[in-house]
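Asker: The structure under discussion is supplied below as structure tokens; questions concerning it will follow.
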2 protein chains.
Amino acid sequence: MSKVRLGIIGLGAQGGAYAGFIAEGKVPNMVIGAICDTDPEKKAVAAEKYPDVPFYDNYIDMLESGDVDAVVTCVPHYLHPEMGIEALKRDVHALVEKPAGVYTKQVRELNEFAATKPELTFGIMFNQRTNELYQKVKQIVDNGEIGKIRRTNWIITTWWRPQGYYDQSAWRATWEGEGGGVLVNQAPHQLDLLQWIAGMPKKVYSNVKYGYQRDIAVEDEVTALLDYGNGATGVFITATHDIMGTDRFEIHGDNGKIVVDDSKKVTIKRLRKPESEMSATMSMMDVAKIFMGGDTDDLYEEEVIEFESVWGAQHSAVMENFAANILDGTPLLAPGSDGINGVALANAIHLSSWLGKEVELPVDEDLYFDELQKKIEEEKLNPIKK
Amino acid sequence: MSKVRLGIIGLGAQGGAYAGFIAEGKVPNMVIGAICDTDPEKKAVAAEKYPDVPFYDNYIDMLESGDVDAVVTCVPHYLHPEMGIEALKRDVHALVEKPAGVYTKQVRELNEFAATKPELTFGIMFNQRTNELYQKVKQIVDNGEIGKIRRTNWIITTWWRPQGYYDQSAWRATWEGEGGGVLVNQAPHQLDLLQWIAGMPKKVYSNVKYGYQRDIAVEDEVTALLDYGNGATGVFITATHDIMGTDRFEIHGDNGKIVVDDSKKVTIKRLRKPESEMSATMSMMDVAKIFMGGDTDDLYEEEVIEFESVWGAQHSAVMENFAANILDGTPLLAPGSDGINGVALANAIHLSSWLGKEVELPVDEDLYFDELQKKIEEEKLNPIKK
């Protein structure tokens, strides 16, 4: 095999974009093996744009056709786990879209099945992991350059969406159709980066606003308080109603601090001695000297790195890395099994707000599933008018 | 009366500074009427520095001496309410140090008594209210320029204190001596500014770390999640162990946003139309245009104002304003009765962490008082070794 033949399940916005990337040669180790969509209009689109590519209206048929080595699941979130399992079952490599699923129960089933097929490649579309800025931040933290983490704080409210976005389709921003709002649709990128860089919290308390500034059933604003169980804490804030949104990620550690502004600029402060040593040895006179215009150079060195935005190339980079893993074993940037962490965080944040109390991770899968079914039932009885 | 004769109760760091301000003429409408301290060493200091000023070792004697028109209470927090009441009872104007007290029960008693003496001036040393930056921010919010508040977020971790600060005296950072840590000693300024500008929340949930990075019984790190009861939320974070501390205050409203960096720079974004109107009328195409390098000038105008630090002059400005209110009725910048709000917030944050759940404001005063007594008892049994 010199190029991976990718089967694209779902020719919507994402699937269409991925087909375009491959057709334009942006993913040099991939070709479009086949396209699948249940919508006849998409069949016509495919016939016009990709006349030589086989088309299926049933993804199982595509999986069994021999036309594809791998698939990507550009379908509603709920379907990612089952499609991933069906592909792997037929020895077809699987790249699942984010989030890996809506609830951890289904994602765990996917992960458990994938673990029985270690010879197959199982990836997830965490395109932000190809972002050099976050790779650098992860490297600094992993190297221990800022010491043990004391506090994380991410305000990521740049996910502005107007009401028209939510009104595009009936399933959008419903419990039955998407299983959540900003937590399952926009913020999974940051939920993944946060846990990738700082690890998973042990406990979560949240204040979640459902249909606060938009006419939707699901959440459009989230404030979550994280407890890492070792003294460290965190705050995660996201929303879809701030058109002047903030993107500011701060990580404070025993020996330093990282501040990421607008996913573009990283400011790293490395203390010259651990903070605990400064605390043990400095007097209030020293403190007064520093804060009344003294030189902070004695305390820490500061490094500022600016990054170009690489938004456009991220998705094709994940696809290329996924194909390279299939072809020559190149390590995966985003192993599929990592997808469960962001889903677990989103589930914990929902559940805490539903129960009105702090919850421990991992949350009770069955309890989350049952509570989600209640939301779906309520929504059927009292649909949000659009 | 042409100048107010101030009685200074407590000639420690603050009381000594205030005496200096008056002696240096920085408070033109005040003279030092008398000084009071229970410590004989302070008597010697006063005799040397202010030989012509009457000295008392009992504040009641000073209140009844006829030497003073007003007093300022530069004594441990627990004593502020009782000293305020004793002064007002004797028709002596009272300027209480912040915080107004340790628990709302005692502060309410002070406020209720002060309300029976409307002819007297009752102020509190919220020196940050004289800061032009925060006056400007309050004015913008009060004018409705950013619309109804949706979210507040203040990370104020610039209150770094080394272990040596806590070890200066036995009562420092104990439940019995101070009744708390960063919430009652350093952050009352920001707790007051936050409620002054954005109003009081209705509910609070907190994660508070006691003796996390310092060898103390009380809190050195606080994360509080505020709910304003009308959909709006807030986060308040403070700590004494971040030597590269952050000071970033963000207020997001229906029609704009204010970001205050380092208590020096204010960035104000005023939307050209309310966000709700933009949400109702913009398509995802419009959104894509804006976020893919379009001109945000169409959305909002941005104003940036930089302020000089005025730290040194703040305390004398409060004293001058307090004296002016006595002399000619100039409106008080910081009425004493406002002091209860910051104490109520601090109490709610403590109580939420002690009970492990969200609490409503105002908190149950007796419950808070009882829980505080338990901390004091525990501390007696298991004192933190220093």
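Asker: Could you tell me which of the residues B:Tyr103, B:Tyr165 is touching a helix residue (DSSP H, G or I) at 6+ places or on another chain (Cβ under 7 Å), over 19 Å from B:Leu193 (Cβ atoms) and modelled with pLDDT under 95?
Answerer: B:Tyr165
Asker: Search region B:290-303 for residues being at pLDDT 80 or above and facing chain A (nearest Cβ under 10 Å), and hand back the single one that is least open to solvent (accessible area, probe 1.4 Å).
Answerer: Residues of region B:290-303 at pLDDT 80 or above: B:298-303.
From what's left, facing chain A (nearest Cβ under 10 Å): B:299-300, B:302.
On the way: B:Leu299: 9, B:Tyr300: 27, B:Glu302: 106 Å².
So the residue we want is B:Leu299.
Asker: Now a separate question. Which one of the conditions (1) among the β-branched types (Val, Ile, Thr); (2) under 22 Å from the mean Cα position of the chain (by Cα); (3) in the same structural domain as A:Leu120 (by TED's automatic domain parsing) does A:Ile326 fail to meet, given that it meets all the rest?
Answerer: Tallying (1) among the β-branched types (Val, Ile, Thr); (2) under 22 Å from the mean Cα position of the chain (by Cα); (3) in the same structural domain as A:Leu120 (by TED's automatic domain parsing), A:Ile326 fails exactly one: (2).
Asker: Continuing with the same structure: Hey, any hits in region A:304-318 for a residue that's surrounded by 21 or more Cβ atoms within 10 Å (Cβ to Cβ) and within 17 Å of the chain's Cα centre (by Cα)?
Answerer: Within region A:304-318, one or more residues are surrounded by 21 or more Cβ atoms within 10 Å (Cβ to Cβ) and within 17 Å of the chain's Cα centre (by Cα).
Asker: Spot the failing condition for B:Lys209; the list is (1) among the charged types (D, E, K, R); (2) open to solvent by 10 Å² or more (accessible area, probe 1.4 Å); (3) farther than 20 Å from B:Asn131 by Cβ; (4) touching a Leu at 6+ places or on another chain (Cβ under 8 Å), and only one is missed.
Answerer: B:Lys209 satisfies all of (1) among the charged types (D, E, K, R); (2) open to solvent by 10 Å² or more (accessible area, probe 1.4 Å); (3) farther than 20 Å from B:Asn131 by Cβ; (4) touching a Leu at 6+ places or on another chain (Cβ under 8 Å) except (4).
Asker: Checking B:Trp171 against (1) away from every other protein chain (no Cβ under 12 Å); (2) modelled with pLDDT of 95 or more, which single condition isn't satisfied?
Answerer: (2)
Asker: Name every residue in region B:354-370 that is open to solvent by 30 Å² or more (accessible area, probe 1.4 Å) and either in a helix (DSSP H, G or I) or at positive phi (or both), in order of residue number.
Answerer: Within region B:354-370, B:Trp354, B:Leu355, B:Gly356, B:Glu365, B:Asp366, B:Leu367, B:Phe369, B:Asp370 meet the criteria.
The values are calculated or read from the model by the stated rules, or taken from the named source; none is laboratory data. The shown structure was predicted, so the numbers you read here are calculated from the model rather than taken from an experiment. Every residue, glycine among them, receives a Cβ derived from its backbone with ideal geometry; neighbour counts consider all protein chains shown. Note: accessible area is taken over every heavy atom of the protein model, side chains too, but ligands, DNA and RNA are not part of it. Shrake-Rupley method; radii C 1.70, N 1.55, O 1.52, S 1.80 Å.
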